[in-house]
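The values are calculated or read from the model by the stated rules, or taken from the named source; none is laboratory data. None of these values were measured; they are calculated from a predicted model. Positions of Cβ are backbone-derived with ideal geometry, glycine not excepted, and every protein chain shown enters the neighbour counts. Protein only, heavy atoms only, side chains kept; ligands, DNA and RNA dropped before computing areas. Shrake-Rupley method; radii C 1.70, N 1.55, O 1.52, S 1.80 Å.
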Amino acid sequence: MVAEIIDGKKLSHELKMKMKEEVNQLKKTGVTPHLTVILVGDNPASKSYVKGKEKACEETGISSDLIELNETITEDELLAQIVKLNNDKSVHGILVQLPLPNHIEEQKVIEIISPEKDVDGFHPVNIGRMMTGQDTFLPCTPHGIIKMLKSKNISIEGKHAVVLGRSNIVGKPVGQLLLNENATVTYCHSRTPNLKEYTKNADILVVALGKAHFVDENHIKEGAVVIDVGINRTEDGSLTGDVNFDKVKEKASYITPVPRGVGPMTITMLLSNTIKAVKGLTSGE
Ligand code: NDP
């Protein structure tokens with residue numbers, strides 16, 4: 001079996017074109033969705049992510065601005081800046097680019113963002129809403145993964161989904177969203193012994209470890225759906241996933257590439273959340 005590739009870049013473009021229409025409709029009513037991004041310090045990777053977000057906003061007609069803050073900013077000053085944005089009616093979505101410098105407690109920052117403007121979907125209120133199956137801002141990478149599966153009509157209900165990784169931004173929430181779609185979910189992490197015993201039973205395998213080419217053909221069963229979240233930089237500077245794509249594609253039924261896979265979908269779901277922030281939570285998909 002040779003896997004069908006789920007092209008995240010193509011799907012992301014299609015979704016963005018639909019969003020552009022939605023944004024145009026909103027503009028006719030006098031509202032332009034607005035995202036404010038806060039970047040603290042000058043981490044090159046963060047700068048490049050922020051650029052990608054600004055570009056994607058432009059493509060859909062969403063307006064955005066970037067607040068660049070010096071790495072020496074105090075935690076209190078940053079929190080005060082966010083409170084100001086919470087109270088600014090022209091700002092619909094607030095995103096603080098992570099990671100933050102060590103002297104700033106990330107969780108404090110996440111929790112001060114108004115849940116109604118939390119387009120990253122990281123606020124505990126929104127995580128709670130997701131867990132209880134309520135309408136909310138879903139975290140972008142996990143939401144993008146569900147969209148990718150649905151775009152290919154891959155059935156999730158009743159399937160065994162195995163998630164490699166249990167981070168708060170990817171592993172845990174993607175498992176929850178798969179559960180919300182009625183999959184039977186197993187989480188694996190660094191303390192899981194005999195990992196292959198679990199991965200080989202997966203109908204859907206989501207890999208979010210941050211370890212280049214960790215998963216090969218011996219980890220999966222014939223016909224599995226393999227979603228590669230990993231972004232790893234190789235020696236020559238190019239990007240590669242957590243899955244050995246060339247080997248695994250010969251055995252899987254569907255596979256996501258890196259690049260052009262989950263990455264573009266993450267940004268696209270951020271745009272979707274920004275539009276949702278204008279329309280209100282009950283107007284969800
Ligand atoms: P984290 O480092 O926060 O989490 C990694 C997880 O993998 C942890 O739960 C860890 O287990 C587990 N793990 C590490 N090594 C092993 C191992 N040998 N066996 C089993 N489990 C292991 O990473 P993130 O979730 O933030 O990101 C994962 C990858 O996804 C990274 O490459 C990141 O760059 C990428 N990413 C991509 C995005 C996209 O848009 N495509 C968005 C976000 C992230 P434990 O908890 O026990 O330590």
Residue check, H143 outside any strand (DSSP E or B), open to solvent by less than 80 Å² (accessible area, probe 1.4 Å) and touching a Ser or Thr at 6+ places or on another chain (Cβ under 8 Å): yes
Filtered residues of the stretch 28-51 (kept if part of a helix (DSSP H, G or I) and loosely packed, with under 14 Cβ neighbours inside 10 Å): K28, P44, A45, S48, K51
Which listed residue, of K108, K117, is open to solvent by 60 Å² or more (accessible area, probe 1.4 Å) and among the basic types (K, R): K108
Helices (runs of 4 or more DSSP H) fully within the stretch 166-260 counting 1 or more residues that are more than 29 Å from V119 (Cα to Cα) and either in contact (Cβ under 8 Å) with a residue 12 or more places away in the chain or within 16 Å of the ligand (Cβ to nearest atom) (or both): 195-199, 245-248
Residues located in the stretch 54-92, provided they are within 23 Å of D42 (Cβ to Cβ) and touching a residue at least 40 places away in the same chain (Cβ under 8 Å): A56, C57, L78, Q81, I82, L85
Leading residue by the ranking (nearest to the ligand (Cβ to nearest atom)) among those in the stretch 146-165 that are free of Cβ contacts under 8 Å to residues at least 60 places away in the same chain and open to solvent by less than 20 Å² (accessible area, probe 1.4 Å): V163
Residues located in the stretch 233-285, provided they are over 15 Å from G8 (Cα atoms) and among the charged types (D, E, K, R): R233, E235, D236, D242, D246, K247, K249, E250, K251, K276, K279, E285
